[in-house]
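Just below is one structure, and these are the notes that go with it.
The values are calculated or read from the model by the stated rules, or taken from the named source; none is laboratory data. This is a predicted model, so every value here is computed, not measured. Glycine gets a Cβ as well: all are built from the backbone with ideal geometry, and neighbour counts include every protein chain shown. Accessible surface areas use protein heavy atoms only, side chains included; no ligands, DNA or RNA. Shrake-Rupley method; radii C 1.70, N 1.55, O 1.52, S 1.80 Å.
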Amino acid sequence: MGLTSALNTALFGIQYSQRQIDVAAGNIANADTAGYSTKSVQANVFFDSAGNVTGVVTSDVIRQVDERIQTAYFSSLADNKYADQIANFTDRLDNLIGTLDDGSGLANLATDFANSLSALVNTPGSNSAQAEVVAAADALARQLNRTYASINDLRQDADDSLRVQTEDVNSLLNNIKETDDQILQSKALGISTAELEDQRDRYVEQLSGYLDIRVEQDSNGTLKISTQNAQQLYADNRVSKLSFEATPSLQPGQSGASIMVTTPGGTKYDLIQASSSGSIVALSQLRDDVLVEAQAQLDTIAAEMSLAMSNVNVASTATTVGLESGYTLDLSALQAGNTVSLTYVDSSGNTQNVSFVAVEDASLLPLGNTATARADDVVYGIDISSGSTADYVTQIIAALAATDLNVSDDGSGNLQVLGDTATATTVSSLTANVTVTDDTDQGLGLAVFVDKRAGEELFTDALEKGGQRTGYAASIAVSSGLLADSSQLVTYQTVPETNSVNDSSRAEYLMNALTGSGVSFDPSAGIGSSTTPYEGSILTYINQVISYQGNQASDAQAYSEAKQTLTSNLAIRYEESYSVDVDAEMAFLIQLQNAYAANARVMQTVNELFDTLLNAV
């Protein structure tokens, strides 16, 4: 090696060492800076044809990041944030619903109501016993109102959080774009982009918690970001725009707005539909599914409790015409939501159950079998808007035309259903379940609870306007008539004479309505299924709701903890892959200082040799 080559090598060595010293010093200075990754200098050495060093390029500063671990960590953030949101809201929901031993919770208030009715059965003429029933009913109704309203507040919280997080995602996407712009400018000027890439990683990390995203790096060093189903969020240095309109007041059963994305090319898509995880997806599901389901369970409690007390069965009259026998039923008391039930044995010996549900809006027809909670019936809707029972009968005749039953109008607008001897078809039962409209002379039923959404209306479970059941828990109240006159709990008959004040018949009816186990509950509220709906009493259903919400919160918490553990482990591994090891950097600095000194010594020696050569000439 010639002296010139040795001199060049030493010079390049000093420059390289100085660059490494600067970078190592920066590593040490930023060791405690969040998100700062360890940097190192990448050297490119150039040789001439004789193998002598002609140059060393040391401008490339690279980051030490394990991209495999980084990808796994970022991917885990969406599931972690999703689980955290679900756990947070379901825990709050569980606290609202209460526990089985919560003194002011639904279960205990319902039990107090049942106990007060039991006491009334023993002393029906007692004014204080009657007042206790009214007070207990009022407390239960008000608790349903409060709980429903509080769950709606949770829905509004979720909706507002969606607004905030939409703004956050827009801001993060714009920050990524601005950082990519700076990266391109730095590359053009030959400046290191390592610290800009650190900053960009922090934005991507935050974005990964909101949505399950796919991140790719383009050939020019900029990013491409899309949803998991490949819908564009950011590409070619152009940002898609997210928009969301918060719902000022979420109504019962109403879904809130979704987040819409408009790409730079003008394409629009639904971000929630294009994603499967992340806090944004969780908030949408909570607002429109989880919390709505909880409200539906409260509506079911309120509805079934009202119907059990206010509805009575209208018995049919056994009828024989010639060889055929069956029943005749008066349909005049039908209101929207009331039902007619028919059970018969067909020619094959199979028992068939048919339910007719009354509606006043013909546009609702035909009804599906889910219009009742029963799993074993075929459902038909009948339009009662005409008010003519003869018209009701005509519709029922048409519905049963394919059977072997003899269905007709008895001549007075009553429904007559007879079997068919020739095909061995027999009628087992025919009844109507109707809502009483007065507190006396319509049976033992009493409209203890009413719907206060528009004044004071009977609750009949009408299907019109989205269904009277939806949102009923928010407006259920004790009827004003009962609040004014608690003797309605005992007096059920005035014709031909008023029943005795010591007659416990109505009190027993109301107590059995609350505690009897023959109720089938609507499975669409999340408890039971369409094939095996939950059957029990109002009290046991309330306990089921409380247990359901408690289990849901517990499961969500366990899932969240599992996801948190996974994400924490990945976060530790990720940080270890890029964080600065101060001890190692200090040791490296010593090596660099020694290298620097060695190269300086080479330069000094070469200089001395040149001086010797020049002096010898």
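List of remarks:
- Residue that is nearest to Phe74 (Cα to Cα), among those in the range 192-225 that are touching a residue at least 24 places away in the same chain (Cβ under 8 Å) and assigned to a loop (DSSP other than H, G, I, E, B): Asp212
- Selection count where residues are over 16 Å from Leu463 (Cβ atoms), open to solvent by 60 Å² or more (accessible area, probe 1.4 Å) and not β-branched (Val, Ile, Thr), scope the range 363-408: 7
- Residues being small (Gly, Ala, Ser), open to solvent by less than 50 Å² (accessible area, probe 1.4 Å) and part of a strand (DSSP E or B) - total across the range 226-267: 2
- Scanning the range 328-360 for residues that are open to solvent by 60 Å² or more (accessible area, probe 1.4 Å), over 23 Å from Asn414 (Cβ atoms) and either under 38 Å from the mean Cα position of the chain (by Cα) or in contact (Cβ under 8 Å) with a residue 40 or more places away in the chain (or both) yields Ser347, Thr351.
- Per the listing Asp138, Asp157, the residue uniquely touching a strand residue (DSSP E or B) at 6+ places or on another chain (Cβ under 7 Å) and either among the charged types (D, E, K, R) or at pLDDT below 95 (or both) is Asp138.
- Residues in the range 508-542 that are assigned to a helix (DSSP H, G or I) and free of Cβ contacts under 8 Å to residues at least 24 places away in the same chain were compared, and the one that is nearest to Ala308 (Cα to Cα) is Asn512.
- Scanning the range 499-531 for residues being under 30 Å from Ala131 (Cβ atoms) and in contact with a Phe, Trp or Tyr (Cβ under 9 Å, 6 or more places away or on another chain) gives a total of 7.
- Answer from Val501, Val519, Val495 - the residue that is surrounded by 15 or more Cβ atoms within 10 Å (Cβ to Cβ) and either at negative phi or at pLDDT 95 or above (or both): Val519
- Taking each residue of the range 77-92 that is open to solvent by less than 10 Å² (accessible area, probe 1.4 Å) and looking for partners that are not hydrophobic (A, V, I, L, M, F, W, C) and not in a helix (DSSP H, G or I) with beta-carbon atoms closer than 6 Å, six or more apart or interchain, yields Ala78/Asp212; Ala78/Ser277; Ala78/Gly278.
- Residues (under 27 Å from Ala34 (Cβ atoms) and of a type in the set (Ser, Thr, Tyr)) located in the range 227-253: Tyr234
- Here Asn433 passes the criteria (1) without any contact (Cβ under 8 Å) to a residue 24 or more places away in the chain; (2) of a type outside the set (Asp, Glu); (3) part of a strand (DSSP E or B) except the one numbered (1).
- Whenever a residue of the range 491-503 is part of a loop (DSSP other than H, G, I, E, B), its partners that are of a type in the set (D, E, K, R), lying with C-beta atoms within less than 7 angstrom and at least six residues away or across chains, give the pairs Tyr492/Arg506; Gln493/Asp441; Thr494/Asp441; Val495/Asp441.
- Listed by first and then second residue, the pairs linking a residue in the range 260-279 that is more than 15 Å from Ser208 (Cβ to Cβ) to a residue that is among the β-branched types (Val, Ile, Thr) and loosely packed, with under 15 Cβ neighbours inside 10 Å, with Cβ atoms under 6 Å apart and 6 or more places separating them unless they lie on different chains, are Lys268/Thr262.
- Being touching a Leu at 6+ places or on another chain (Cβ under 8 Å) and open to solvent by less than 40 Å² (accessible area, probe 1.4 Å) is a property that Leu223 lacks.
Conditions (1) over 30 Å from Ala107 (Cα atoms); (2) open to solvent by 20 Å² or more (accessible area, probe 1.4 Å); (3) not basic (Lys, Arg), marked per residue:
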| residue | (1), (2), (3) |
| --- | --- |
| Ser150 | no, yes, yes |
| Glu167 | yes, yes, yes |
| Asn175 | yes, yes, yes |
| Asp198 | yes, no, yes |
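- Verdict on Ser171 being surrounded by fewer than 16 Cβ atoms within 10 Å (Cβ to Cβ) and in a helix (DSSP H, G or I): yes
- The residue list Thr435, Thr423 contains one member that is at pLDDT 95 or above, among the polar types (S, T, N, Q) and open to solvent by 20 Å² or more (accessible area, probe 1.4 Å), which is Thr423.
- Of all residues in the range 553-562 being of a type outside the set (Phe, Trp, Tyr) and surrounded by fewer than 20 Cβ atoms within 10 Å (Cβ to Cβ), the one that is farthest from Asp91 (Cα to Cα): Ala562
For every residue, the table says whether it meets (1) modelled with pLDDT of 90 or more; (2) of a type in the set (Asp, Glu); (3) within 39 Å of the chain's Cα centre (by Cα).
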{"site": "Asn30", "(1), (2), (3)": "no, no, no"}
{"site": "Ala50", "(1), (2), (3)": "no, no, no"}
{"site": "Thr71", "(1), (2), (3)": "no, no, yes"}
{"site": "Arg92", "(1), (2), (3)": "yes, no, yes"}
{"site": "Ile97", "(1), (2), (3)": "yes, no, yes"}
{"site": "Gly103", "(1), (2), (3)": "no, no, yes"}
{"site": "Ala107", "(1), (2), (3)": "yes, no, yes"}
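- Check on Ser363, part of a helix (DSSP H, G or I), free of Cβ contacts under 8 Å to residues at least 40 places away in the same chain and among the small types (Gly, Ala, Ser): yes
- Selected residue (only one of Gln165, Gln185 is assigned to a helix (DSSP H, G or I) and free of Cβ contacts under 8 Å to residues at least 12 places away in the same chain): Gln185
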